[in-house]
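Asks: First the structure, which I've put down as structure tokens, then a few questions once you've had a look.
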Amino acid sequence: MSYWLVKSEPETYGWHQFIQQGRAVWDGVRNYQARNNLMAMQPGDLVLFYHSVTKPAVVGLARVVRGAYPDPTVTKVPNRWVVVELEPVLALDKPVSLGQIKADPRFAAIALIRQSRLSVMPVRPDEFDRILELGTLVDGDQ
DNA sequence: GCCAACGTTGGC
DNA sequence: GCCAACGTTGGC
């Protein structure tokens, strides 16, 4: 099983809309590195859902429910682009902000910082665990 | 194949 | 709104 992070601008497609729809076809990716990451996703892989631009933060967790297939929104031949399908798993109790991630030395190598413009990227297991830990309320919080 | 110009992403 | 990073396009 692998871990991933996907970015979305909340004004275009936000976590709230994702929850309401219950499932998302992750289309519109037009960068080869991001596409290659989509192609490596397998059903069951876990995906951090990140809001970019306004209040940048990881806001929730999703799961891959269908692996890569050709992007149906592309009409040009040959179609070089793919989509995956995602469903929500849980909202984080507390969004984990980009500022928090940048401030934590455990995230020194995270692709989110090192390749700030990439929209679909792998996340290491230790990074994934740490983000869930930061995003989860425990006794003593609040 | 190189590189300048230009467009896009995304943080601040 | 600005700008850094970086991907793409097109002239040569």
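The values are calculated or read from the model by the stated rules, or taken from the named source; none is laboratory data. What you are looking at is a predicted structure, and each value in this text was computed from that prediction instead of being measured. Here the Cβ positions follow ideal geometry from the backbone for every residue, glycine too, while neighbour counts run over all protein chains shown. Areas reflect the complete protein model, heavy atoms only, side chains present, ligands, DNA and RNA absent. Shrake-Rupley method; radii C 1.70, N 1.55, O 1.52, S 1.80 Å.
Asks: Would you work out what percent of the accessible area of the range A:14-142, with all protein chains in place, is carbon or sulfur (probe 1.4 Å)?
Replies: Numbers: 3680 of 7120 Å².
Carbon and sulfur: 52 percent of the exposed surface of the range A:14-142.
Asks: Just A:Gln100, A:Gln20, A:Gln42 to compare: in a GNM of chain A, with alpha carbon springs under 10 Å, which one fluctuates most?
Replies: A:Gln20
Asks: 5 Å is the cut-off here: which amide hydrogens, built 1.01 Å from N in the peptide plane, fall below it relative to A:Gly60, excluding neighbours closer than 5 in sequence?
Replies: HN-HN under 5 Å from A:Gly60: A:Phe49, A:Leu92.
Asks: Hull surface divided by four, with the convex hull built on the Cα atoms of chain A: how many nm²?
Replies: On the way: hull surface 35.4 nm².
If you wrap the Cα atoms of chain A in a convex hull and average its projections, you get 8.9 nm².
Asks: May I ask which residue of A:Phe18, A:Thr75, A:Ala103 lies farthest towards the positive end of the charge dipole of the range A:3-139, with charges of +1 (Lys, Arg) and -1 (Asp, Glu) on Cβ and the Cα centre as origin?
Replies: A:Thr75
Asks: If you roll a 1.4 Å probe over the heavy atoms of the protein chains, what accessible area per residue do you get for chain A, in Å²? Walk me through the numbers before you get to the answer.
Replies: Values: 7850 Å² over 142 residues.
Averaged over the residues of chain A, the accessible area is 55 Å².
Asks: Let me ask you something else. Using a simple charge model, +1 on the beta-carbon of Lys and Arg, -1 on the beta-carbon of Asp and Glu, nothing else, what dipole does chain A show about its Cα centre, in debye to the nearest 20? Walk me through the numbers on the way to the answer.
Replies: Working: 16 positive and 15 negative charges, 133 e Å.
Dipole size: approximately 640 debye.
Asks: Then there's this: Please determine, in degrees from 0 to 90 and to the nearest 10, the orientation of helix A:125-135 with respect to the longest principal axis defined by the Cα atoms of chain A, where the helix direction is its Cα long axis.
Replies: 60 degrees
Asks: If you don't mind, there's one more thing I want to ask. Sorting check: for A:69-75, A:119-125, which peptide has the highest mean count of neighbouring beta carbons within 10 Å, and how do the rest follow?
Replies: Values: A:69-75: 12.6, A:119-125: 18.3.
Going from most to least packed, we get A:119-125, A:69-75.
Asks: Okay, next question. For the range A:14-59, take the alpha-carbon Rg, divide it by the Kirkwood Rh, and send me Rg/Rh.
Replies: Details: Rg = 12.0 Å, Rh = 12.3 Å.
The Rg/Rh ratio comes out at 0.97.
Asks: Let me have the 222 nm mean residue ellipticity of chain A computed from DSSP H runs of 4+ only, each contributing -39500 (n - 2.57), with the sum over all residues rounded to the nearest 500.
Replies: After summing the helix terms and dividing by the residues of chain A, the value is -6500 deg cm²/dmol.
Asks: Using DSSP, restrict attention to beta bridges with both residues in the range A:3-139 and report what percent are antiparallel, rounded to the nearest 5. Write out the running numbers ahead of the final one.
Replies: Working: 21 of 27 bridges.
Roughly 80 percent of the beta bridges in the range A:3-139 run antiparallel, per DSSP.
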